[in-house]
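> Here it is: the structure, laid out below.
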Amino acid sequence: DYAQHRYFDQSVDAELACWPDDIKSVTNVYSTWHYQDNCYNPTGFTCPNPPPGHMWTALNQSIAKVGDGAVAEAERSFWLSFLIHLVGDAHQPLHVTTLYDATFPDGDLAGNHFYIYYEGKQYRLHAMCDDALDSTVAPHTWLPRPVSSN
């Protein structure tokens, strides 16, 4: 329930965009809102049903709630945060795709089972894409998360 969570400074766009990821440390209620995995099978491998994601449902609900003047301001700020965030997630290919092939017959879990080695360290492909400017990958570009201490 949106009313149970601490809200951010509504004037800061970066906080709006990051908040849906930041609350994952508090609750998993919204975890399936961040993805909609579709089967990617370039070799014609049979795709079982991918994990159930609810990104498109959450995105449509966010659009409706943000545009509804009858919805309370606090609740609209919650939905605006998800709207901004989910538009970003929808443009990250590993939030909408899972690879199925001979190497990953059960799927690569949206790149979470696909590893990249960089400077002698192992990274999950999905995490590298999500955290492209993270201090562990590109320390010279690191910026603190707006809600990192909350």
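> Can you find, within region 45-67, the residue that is farthest from the chain's Cα centre (by Cα) among those that are open to solvent by less than 70 Å² (accessible area, probe 1.4 Å) and at pLDDT below 90?
PHE45
> Of all residues in region 17-30, how many are under 25 Å from LEU99 (Cα atoms) and open to solvent by 50 Å² or more (accessible area, probe 1.4 Å)?
3
> Still on this structure, please answer the following. If TRP33 meets every condition in (1) surrounded by 18 or more Cβ atoms within 10 Å (Cβ to Cβ); (2) modelled with pLDDT under 90 apart from one, which number is that one?
Exception for TRP33: condition (2).
> Small (Gly, Ala, Ser) and assigned to a helix (DSSP H, G or I): does that describe ALA110?
No: the conditions fail for ALA110.
> Here's a follow-up. Quick one: ALA17 ticks every box in (1) among the small types (Gly, Ala, Ser); (2) within 17 Å of GLN92 (Cα to Cα); (3) at pLDDT 85 or above bar one, so which box is it?
Going through the list (1) among the small types (Gly, Ala, Ser); (2) within 17 Å of GLN92 (Cα to Cα); (3) at pLDDT 85 or above, ALA17 breaks only (3).
> For region 66-92, give me each residue that is more than 19 Å from SER31 (Cα to Cα) and assigned to a helix (DSSP H, G or I).
VAL66, GLU73, ALA74, ARG76, listed by residue number.
The values are calculated or read from the model by the stated rules, or taken from the named source; none is laboratory data. Being a predicted model, the structure only gives us computed values, none of them experimental. Every residue, glycine among them, receives a Cβ derived from its backbone with ideal geometry; neighbour counts consider all protein chains shown. Accessible surface is based on the protein model in full, side chains and every heavy atom, while ligands, DNA and RNA are left aside. Shrake-Rupley method; radii C 1.70, N 1.55, O 1.52, S 1.80 Å.
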